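The values are calculated or read from the model by the stated rules, or taken from the named source; none is laboratory data. Being a predicted model, the structure only gives us computed values, none of them experimental. Counting neighbours? That spans all protein chains shown, and the Cβs are built from the backbone with ideal geometry, glycine included. When the accessible area is computed, the model is the full protein with side chains, heavy atoms only, and any ligands, DNA or RNA have been set aside. Shrake-Rupley method; radii C 1.70, N 1.55, O 1.52, S 1.80 Å.
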Amino acid sequence: MNAQNIVVQKFGGSSVANLDCMKQVLRNVQKPLADGKKVIVVLSAMSGETNRLLGLVKQWSSTPDLAEVDSLVSTGEQVSIALFTMLLKDAGVKARSFLGFQIPIITDDFFSSARILRIDNKKIFKALETYDVLVVAGFQGCTEDGRITTLGRGGSDTSAVAIAAAINAEVCDIFTDVSGVYTTDPNITRKARKLDTVSYDEMLEMASMGAKVLQIRSVEFAKKYNVIIHVRSTFSDEQGTIVSQEDSQMESILVSGIAYDKDQARITLSHVPDKPGISAAIFTPIAEQGLLVDMIVQNLTETEFTDVTFTVPRSDVEKTLEILTSLKSTLEYQDLRSDANVCKVSIIGVGMRNHSGVAAKAFLALSDENINILMISTSEIKITCLIEDKYGELAVRTLHDTFKLDEMSYSNK
Ligand code: ASP
Ligand code: MG
């Protein structure tokens with residue numbers, strides 16, 4: 001079987017939410033079939049189902065066994081693939097469903113956030129000799145010794161891209177309830193515009209900053225195996241957003257998006273001895289607990305003491321404070337403070353690699369709105385400002401206007 005004749009399509013929870021939605025999915029699957037192609041359909045659980053199952057876990061156990069959690073939450077996808085395959089068969093299509101272990105999609109044993117190790121494409125190609133459509137459960141895999149795993153929230157995206165990579169497909173279609181990736185959250189500004197193209201690196205920054213269209217791991221996977229992702233709407237024929245390797249046209253766009261992340265908190269250790277090893281002493285125990293620290297600033301002082309400030313996801317504040325409190329005598333700090341009324345706003349664009357002045361322009365625009373910047377961090381293609389929570393949406397709108405992101409242009413300088 002030639003990979004060119006196989007199309008991989010993934011549909012998210014809102015696309016399979018009920019019978020009417022699934023009928024729309026059916027129409028999308030029938031299009032490539034009409035062109036003589038075979039289709040691998042990867043489905044999420046019906047919207048709300050994974051949350052419902054996780055809610056049950058909470059009721060049943062205060063210390064749930066993660067392997068059992070995965071056995072439970074993976075059932076959401078089993079329901080959607082079985083129901084959808086029934087629709088296909090009623091429409092006269094030769095189809096069958098596959099759970100992760102039936103392919104198999106082999107993962108490591110980090111239950112609830114397992115990583116795909118390999119996918120056996122032999123069985124896929126063999127099945128495509130008999131069937132025109134394979135309907136595969138997203139989000140799940142199994143360990144080497146046959147235990148069911150799940151890939152983390154939003155993991156069906158990764159299942160789809162991994163399958164596309166395994167069969168050498170050039171493109172993986174990700175169908176969702178929006179028409180593509182936007183310059184920023186359309187709920188914040190009506191001026192948000194759908195991007196025609198975005199590079200893997202930009203998409204990784206946008207996803208990690210809370211633009212939740214694609215699971216981050218799916219983009220990492222796509223980048224590694226060079227799978228083009230087409231994010232598009234289940235409910236219209238409109239061309240969506242192509243996520244791919246960056247090209248020279250993308251580089252000529254200075255800023256492609258503004259990301260916004262409300263799930264942030266700032267922690268400050270004041271009056272810490274300024275000596276070698278102090279940062280390691282603070283951050284090693286935090287990392288060992290699996291907590292993700294993002295922005296870090298250490299103040300420059302003339303004394304032997306300094307202040308260290310950093311950010312963590314809001315849900316990790318208590319845990320981080322606990323760790324640091326237990327280390328008070330080792331770290332010898334004077335004061336430990338936290339502030340959850342902060343958010344992160346980021347400007348993202350591969351064009352920044354070759355242009356200066358973006359940061360200055362952004363800072364000026366924020367100051368014109370009287371928005372105080374609490375922390376700044378930069379990478380080659382991103383500038384992030386931590387600001388007070390209540391100014392988050394205003395900052396997004398201001399920056400979106402400043403860089404004229406509502407206009408399709410190749411030089412929004
Ligand atoms: N059903 C899973 C979730 O809600 C996986 C997915 O939808 O991609 O996170
Ligand atoms: Mg999703």
If every Lys and Arg gets +1 and every Asp and Glu gets -1 at its Cβ, then about the Cα centre segment 117-267 yields a dipole, in debye to the nearest 20, of 440
Magnitude of the Cβ-charge dipole (Lys and Arg +1, Asp and Glu -1) of segment 146-216 about the Cα centre, nearest 20 debye, reported as 300
Expected unfolding gain across Ser326-Ser367 under the 0.36 nm per residue rule, minus the alpha-carbon gap, is 10.9 nm
When the charge dipole of segment 296-385 is computed with +1 at the Cβ of Lys and Arg and -1 at the Cβ of Asp and Glu, the Cα pointing farthest to the positive end, of Phe310, Cys343, Asn299, is that of Cys343
Answer in debye to the nearest 20: the dipole magnitude of segment 23-120 about its Cα centre, from +1 Lys/Arg and -1 Asp/Glu charges placed on Cβ, is 660
For Val135, other-chain or 5+-apart residues with amide H closer than 5 Å (H placed, Pro excluded) are Val41, Arg96, Ser97, Phe98
Rounded to the angstrom and largest first, Cα extents along the principal axes for segment 278-413 equal 55, 29, 28
Within the set Ser62, Ser315, Ser252, GNM on the chain using Cα springs under 10 Å gives the largest fluctuation to Ser62
For the pair Asn299 and Lys37, the simple spin-label estimate (label points 7 Å beyond Cα toward Cβ) gives in nm 5.8
In terms of the charge dipole of segment 183-283, which places +1 on Lys and Arg and -1 on Asp and Glu at the beta carbon, the residue among Ser208, Gly240, Ser270 farthest towards the positive end is Ser270
Nearest-0.05 FRET efficiency for Ala91 and Ser62 at R0 = 35 Å, using Cβ-Cβ distance, is 0.15
In terms of the alpha carbon gyration tensor, root eigenvalues a ≥ b ≥ c, rounded if a/c is under 1.5 and otherwise prolate when a/b exceeds b/c or oblate, segment 1-138 is oblate
Counting only protein heavy atoms with a 1.4 Å probe and every protein chain in place, the carbon and sulfur fraction of the accessible surface of segment 145-192 in whole percent equals 41
So the carbon and sulfur contribution to the accessible area of segment 264-371, 1.4 Å probe, in percent, is 50
extent check for segment 49-105: Cα max minus min per principal axis, descending, whole Å, gives 47, 23, 10
The percentage of Cα-Cα pairs in segment 105-246 separated by more than 27 Å is 23
Extension length gain for Arg337 and Leu19 (0.36 nm per residue less Cα distance), in nm, is 109.4 nm
Length gained if Gln245 through Glu170 is fully extended, taking 0.36 nm per residue and subtracting the Cα-Cα distance, is 25.8 nm
The simple spin-label model distance between Asn2 and Glu407, using points 7 Å out along Cα→Cβ, in nm, is 4.5
In whole percent, the fraction of accessible protein surface over segment 1-133 that belongs to carbon or sulfur atoms, probe radius 1.4 Å, stands at 53
Ranked by GNM mean-square fluctuation in the chain (Cα springs under 10 Å), the top entry among Arg115, Arg353, Arg232 is Arg353
Calculated from DSSP helices alone, with each H run of at least 4 adding -39500 (n - 2.57) and the total divided by the residues of the chain, [θ]222 nm to the nearest 500 comes to -10000 deg cm²/dmol
Counting only protein heavy atoms and rolling a 1.4 Å probe, one gets per residue an accessible area for the chain in Å² of 46
